[in-house]
Amino acid sequence: MPEQRVIVVGGGLAGLASAMKLSELGVKVDLFSLTPVKRSHSVCAQGGINSCNDQTRQLGDDEWKHFDDTVYGGDFLNHQPPVKEMAFWAPKIIELMDRLGVPFNRTGEGFIDRRRFGGTLYKRTAFAGATTGQQLLYALDEQVRRQEAAGNIRKFEFWDFLGPIQDETGRCRGIVAQDMVSMEIKSFAADAVVVGTGGCGLVYGRSTMSVFCTGSAASRCFQAGAKYANGEFIQVHPTAIPGSDKLRLMSESARGEGGRVWVPRKPHDARMPKDIPAGERYYFLEERYPEYGNLVPRDIATREIFDICVNDGLSIDEERMSVYLDLTHIPKAELDRKLGGILEIYEKFQGVDPRIEPMRIFPAVHYSMGGLWADYQKSADGGLEMGAPQNHMTNIEGLYAIGECDYHYHGANRLGANSLLSCIFTGLFTGPSIVAYMANQVSGAGDVTEAMKSAAQKKQQERHDHLLSNNSGGDENPYLIHQELGDIMTRVATVVRRNDQLSEAIGKVDDLHKRSMNVSLADTGNWSNQNVIFAKSLQDMFPIAKCILKGALQRDECRGAHFKPDFQKPSLTAEDPGERRRQAEVWLDEFDKNNEKYLKSTVADWNDGSQSPDLTYEDVDTGSIKPRPRLYGLVGADIIEDVFAERTREEDAPATV
Amino acid sequence: MIAFDASQKRPEFIKVRIRRQDGPGEKPYWELHQITYEPELNVISVLQRIASQATNSDGKKVAPVTWDCGCLEEVCGSCTMQINGRVRQSCSALVDRLLEDNEDELVLEPMSKFPVIRDLMVDRQRLFRALERVKAWVPVDSYYNLGPGERQLRDTQEQNYPLSQCMSCGCCVDACPQYKKIELKKEAGETDEAFEARKEAAYDESFVGPHAISQAMLFNNHPTGKALAGERLEALTGPGGIQACGNAQNCVAVCPKEIPLTTSIGRAGRAATMYKIKKFFDK
Ligand SMILES: Cc1cc2nc3c(=O)[nH]c(=O)nc-3n(C[C@H](O)[C@H](O)[C@H](O)COP(=O)(O)OP(=O)(O)OC[C@H]3O[C@@H](n4cnc5c(N)ncnc54)[C@H](O)[C@@H]3O)c2cc1C
Ligand code: SF4
Ligand code: SF4
Ligand code: FES
């Protein structure tokens, strides 16, 4: 058999896990990244990675409950077979990362320590200080370097992926990429291609993400015919530090370790926070959600903070919206040990010590639950069939999507510390599937013709040259267009969404898209030209932005991170028990009706003619866990739950004849 | 809301002097830029402002400045440069602080020990190559599920974690007097591969640098990583190893992650001595 070669685009957790696993399986890997892989965005992840563990098990936890929390937290839009498989792999993944040398925090006895994250009642989250993503990434980076030294992996760092190479049947046979230093554009053949290129936060201008997270790679696959799913589900993290260049994340672990969120009861109280007595502080999350308190799921925390500032007018400052995130009641030594890394970030960038003074935070765009559509093979036990070639294959044959740029795992809202898990899981799990796919092919990398390669390369070269010629007289500034795009998206497609605003934004974004095709570059040279690389990624942000907007417009409901006040389910209003029960019945009838219509993945196809996405809807596999209402904080939740339980019992009862 | 003295007067404009270079081997030159003062800027946001205006302080159109950045929160290691003469991360270099030291202008230069690719962007391949030289990894059997790793005391974790935070930014080596710049030129007719190989050979003979010594100590302190302790010490006792360090301690003073580099170097020195003695008697 000739040597097999897989191209992995992306060297974050997903891409590195994939490259490492594939080389263990005897496959040669070419690894492409915009930056040295050790600097990939995964390095920013702070809080931790989830799995049930020996301790939580003895409190009643197990893999199934992790699965259930994930799906419930995601408002049932997650595909259940992959989530189930992931939850069952989770403890093993943490053990593997432990073996690879990740310095997880330890208990006094030397076991891996755990903390609690949002959306669960168990302490499932393993962590390495407050830089867990960095530590996980480094462990994988080291293994990849080891494989590189052994000749199994070749790295192409500072290379921009421009698009897949497809043969006449549409099958993916390699990629075209550009050296970001010499600006050379080249074709690379492969037996299969994996994209693990992360999220698309830059579509919103500023976010908690790295500058690499433009979504350009996913968009290039999308424009080449891959489907893009659930784009409208964008997670806005409740706690970030507002900044002019970036919205720096303050990890959920700050709340996991006991951080409390509050605002002064008196609007814009000018006193120093420490001078405001307890009675005059409004701990709104604790008051509104007694069970979960500060650890309600992200979408809810975000909405509450937004609501307190925007609707209740209780922002600390009138001008710059923010609330307090307070750690000052926790001993300094404990804070340093468990949260050192993130507290340093605050101190470094704000010049204030959060151990002494509460932090000021506000929500920020953080994560994309949606991404490239990909297939899977369900197993008999409701998980995934190990080694099935279609696991994580996009609708372009031979092109796989993993990590943040896939769409299966986090439904309408991701739980904290589940993403690092899904990234490593998908990287490892797809190894055998890709090997099986390649084994089924009669032709491979060696059979890719020069004609095919040069045609693909030529197309990209033309795009590049056209931009360098300033689009024959264009006059738009790409940086300003980016700013405008970010402003619109942040205004209409984050925490609160309204149809009139979304419709209007679609028109505006389309105009910007056209203008972006007409940019004039300040640098028209062919050496390390960051201008032209940015211009391309800017142009490629629009198809993703359009998926987000159109998906949001067409989804007339509230689900997880997608919140439309005009379609909110009402709380129960009746005082009389009989009437209240009747209202609960109606509520649940509506719930079922809504699910019939909207419990579906949004699937987009790029329409080159109209330069916009065409949307269809795909059923979600909910075979293992029946969708139930997500009732955090709703008035009348108890009675709705009772009625729901009764109905479920009736459905499950054997039919009496 | 940065806690600086609010009464202090802030300038209307900020002058930024940048040492530019159009490509490898080209002659560097200085260029002056000017942007409007805003509170809470850092050096990256200054460079972003300069990029979007695309003119120098005389209003002349110039090619945009090239630089490297990623996370913007001092954890990825991308954005290293010399700012007012000191090597550091530019994303965490707050302009208000810098103006306290030098209110006239900000001076930005590329790192001094790496070949300039363009402007403030340098080629740091050698940093990563050094990690390969000291085999900075745990030699696990496989990536299959084989149960948990060894239990580890909190003390060990607390010793290892700080070392493991090294983000390969290169501040330490840039400040190190023993770390000499290596810049090779591609020869006529030389293939890319041959040129790469020649570069790697040159890197492998030169000083590995404090970051790599520290990584070697990290992995020698790991229960499984230890298996390669001998090979790592072999690398550290060879040419360009630990003996090249003159103990000037510049490295530890500039490390943004405050990694105890001189402690690692001390440990490495002792371990290397033991290793050499043992090797001598084992002959
Ligand atoms: C601040 C922050 C904190 C977080 N904390 C947590 C946490 O505690 N727990 C958790 O579970 N999750 C967390 N997340 C989410 C998690 O970090 C990400 O979802 C995850 O790291 C994504 O990994 P990835 O491998 O999919 O992609 P990334 O790490 O983003 O890597 C993408 C890779 O693709 C490459 N790439 C992209 N485009 C191109 C292109 N055009 N050409 C070539 N290469 C390209 C990049 O160079 C990079 O190597 C956090 C996210 C943020 C923003
Ligand atoms: S202590 Fe050694 S490694 Fe550090 S700066 Fe001095 S000579 Fe360089
Ligand atoms: S040791 Fe410190 S200065 Fe040196 S590369 Fe690592 S983080 Fe940077
Ligand atoms: S941009 Fe990552 S360290 Fe500065």
Check your understanding: Take the residues of the range A:98-126 that are among the small types (Gly, Ala, Ser) and within 14 Å of chain B (Cβ to nearest Cβ): which is most open to solvent (accessible area, probe 1.4 Å)?
Key -> A:Gly108
Practice item. Could you identify the single residue in A:Met489, A:Met452, A:Met438 that is over 15 Å from A:Lys536 (Cβ atoms), at pLDDT 95 or above, touching a Phe, Trp or Tyr at 6+ places or on another chain (Cβ under 6 Å) and part of a helix (DSSP H, G or I)? Key: A:Met489
Practice item. Count, please, the residues in the range A:513-530 that happen to be assigned to a helix (DSSP H, G or I) and within 16 Å of ligand 1 (Cβ to nearest atom). Key: 1
**Study point:** Unmet requirement for A:Glu95, which otherwise passes all of (1) open to solvent by 10 Å² or more (accessible area, probe 1.4 Å); (2) more than 8 Å from chain B (Cβ to nearest Cβ); (3) at pLDDT 95 or above
**Key:** (2)
Practice item. Identify the residue in the range B:57-86 that is open to solvent by 10 Å² or more (accessible area, probe 1.4 Å) and more than 13 Å from chain A (Cβ to nearest Cβ) and, among all such residues, is nearest to B:Val116 (Cα to Cα). Key: B:Gln82
Check your understanding: Does A:Cys423 satisfy the condition of being under 14 Å from the mean Cα position of the chain (by Cα) and either open to solvent by 10 Å² or more (accessible area, probe 1.4 Å) or without any contact (Cβ under 8 Å) to a residue 24 or more places away in the chain (or both)?
Key -> yes
Practice item. Show the residue pairs that are 6+ apart or on different chains and have beta-carbon atoms under 8 Å apart, the first residue being within the range A:327-346 and under 21 Å from A:Gly243 (Cα atoms) and touching a residue at least 12 places away in the same chain (Cβ under 8 Å), the second being in a helix (DSSP H, G or I) and open to solvent by 10 Å² or more (accessible area, probe 1.4 Å). Key: A:Leu343/A:Asp336
Check your understanding: Can you tell me which residue in the range A:168-186 is nearest to the other protein chains (Cβ to nearest Cβ), limited to those that are touching a residue at least 24 places away in the same chain (Cβ under 8 Å) and open to solvent by 20 Å² or more (accessible area, probe 1.4 Å)?
Key -> A:Val181
Review point. Quick check: is even one residue across the range A:341-353 touching a helix residue (DSSP H, G or I) at 6+ places or on another chain (Cβ under 6 Å), at negative phi and within 12 Å of chain B (Cβ to nearest Cβ)?
Key: yes
Check your understanding: Right, A:Thr214: buried (at least 24 other Cβ atoms within 10 Å of the Cβ), within 30 Å of A:Tyr122 (Cα to Cα) and either in contact with a Pro (Cβ under 9 Å, 6 or more places away or on another chain) or at pLDDT 95 or above (or both) or not?
Key -> no
Review point. Is the range A:82-89 home to any residue that is within 9 Å of chain B (Cβ to nearest Cβ), surrounded by fewer than 24 Cβ atoms within 10 Å (Cβ to Cβ) and under 27 Å from A:Met209 (Cβ atoms)?
Key: yes
Revision key, fill the gap. Matching residues in the range A:500-517 (open to solvent by less than 40 Å² (accessible area, probe 1.4 Å) and within 16 Å of A:His562 (Cα to Cα)) number 1
Exercise for review: Considering every residue within the range B:158-169, establish whether at least one is under 29 Å from B:Pro115 (Cα atoms), aliphatic (A, V, I, L, M) and within 16 Å of ligand 1 (Cβ to nearest atom).
Suggested key: yes
Practice item. Sort through A:Ala87, A:Ala149 and tell me the only one that's closer than 22 Å to B:Gly77 by Cβ and either touching a helix residue (DSSP H, G or I) at 6+ places or on another chain (Cβ under 8 Å) or of a type in the set (S, T, N, Q) (or both). Key: A:Ala149
Check your understanding: Which of the residues spanning the range A:155-169 are charged (D, E, K, R) and more than 14 Å from A:Gln460 (Cα to Cα)?
Key -> A:Lys155, A:Glu157, A:Asp167, A:Glu168
Point to revise | Restricting the range B:14-42 to residues that are within 10 Å of chain A (Cβ to nearest Cβ) and in contact (Cβ under 8 Å) with a residue 24 or more places away in the chain, the residue that is farthest from the chain's Cα centre (by Cα) | key: B:Pro39
Check your understanding: If you go through the range B:166-187 one residue at a time, do you hit one that is more than 14 Å from the chain's Cα centre (by Cα), assigned by TED's automatic domain parsing to the domain that holds B:Glu132 and small (Gly, Ala, Ser)?
Key -> no
Practice item. Determine which member of the set B:Lys257, B:Lys283 is away from ligand 2 (no atom under 15 Å from the Cβ), open to solvent by 10 Å² or more (accessible area, probe 1.4 Å) and not small (Gly, Ala, Ser). Key: B:Lys283
Check your understanding: Would a scan of the range B:101-123 turn up a residue that is closer than 23 Å to A:Glu142 by Cα and either open to solvent by 20 Å² or more (accessible area, probe 1.4 Å) or of a type in the set (D, E, K, R) (or both)?
Key -> yes
Check your understanding: If only one of A:Leu13, A:Leu59, A:Leu77, A:Leu31 is of a type in the set (A, V, I, L, M), more than 20 Å from A:Asp113 (Cβ to Cβ) and more than 21 Å from the chain's Cα centre (by Cα), which one is it?
Key -> A:Leu31
Revision key, fill the gap. Of B:Glu31, B:Glu100, B:Glu38, B:Glu105, the only residue that is more than 16 Å from ligand 3 (Cβ to nearest atom) and at pLDDT 95 or above is B:Glu31
Study note, to complete from the structure: Within the range A:322-336, of all residues that are out of contact with any Gly (no Cβ under 8 Å at 6 or more places or on another chain) and either over 18 Å from A:Tyr283 (Cβ atoms) or among the β-branched types (Val, Ile, Thr) (or both), the one surrounded by the most Cβ atoms within 10 Å (Cβ to Cβ) is A:Val323
Check your understanding: Residues of the range B:158-212 being within 16 Å of ligand 3 (Cβ to nearest atom) and of a type in the set (Val, Ile, Thr), which ones?
Key -> B:Val173, B:Val208
Check your understanding: Hey, does the range A:636-656 have a residue that's open to solvent by 60 Å² or more (accessible area, probe 1.4 Å), over 23 Å from A:Asp375 (Cβ atoms) and small (Gly, Ala, Ser)?
Key -> yes
Review point. Which of the residues that make up the range A:356-380 are surrounded by fewer than 16 Cβ atoms within 10 Å (Cβ to Cβ) and touching a residue at least 24 places away in the same chain (Cβ under 8 Å)?
Key: A:Ile356, A:Ser379
Check your understanding: Inside the range B:156-247, counting only helices (runs of 4 or more DSSP H) that do not spill past its ends, which hold 2 or more residues that are more than 12 Å from ligand 2 (Cβ to nearest atom) and open to solvent by 30 Å² or more (accessible area, probe 1.4 Å)?
Key -> B:192-205, B:229-237
Point to revise | Whichever residue in the range A:203-223 is over 22 Å from A:Gly11 (Cα atoms) and part of a loop (DSSP other than H, G, I, E, B) and, among such residues, is nearest to ligand 3 (Cβ to nearest atom) | key: A:Arg206
Practice item. Kindly indicate whether any position in the range B:32-49 is over 27 Å from A:Leu202 (Cα atoms) and surrounded by fewer than 21 Cβ atoms within 10 Å (Cβ to Cβ). Key: yes
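The values are calculated or read from the model by the stated rules, or taken from the named source; none is laboratory data. The shown structure was predicted, so the numbers you read here are calculated from the model rather than taken from an experiment. Cβ coordinates were reconstructed from backbone atoms using ideal geometry, including for glycine residues, and neighbour counts include every protein chain displayed. When the accessible area is computed, the model is the full protein with side chains, heavy atoms only, and any ligands, DNA or RNA have been set aside. Shrake-Rupley method; radii C 1.70, N 1.55, O 1.52, S 1.80 Å.
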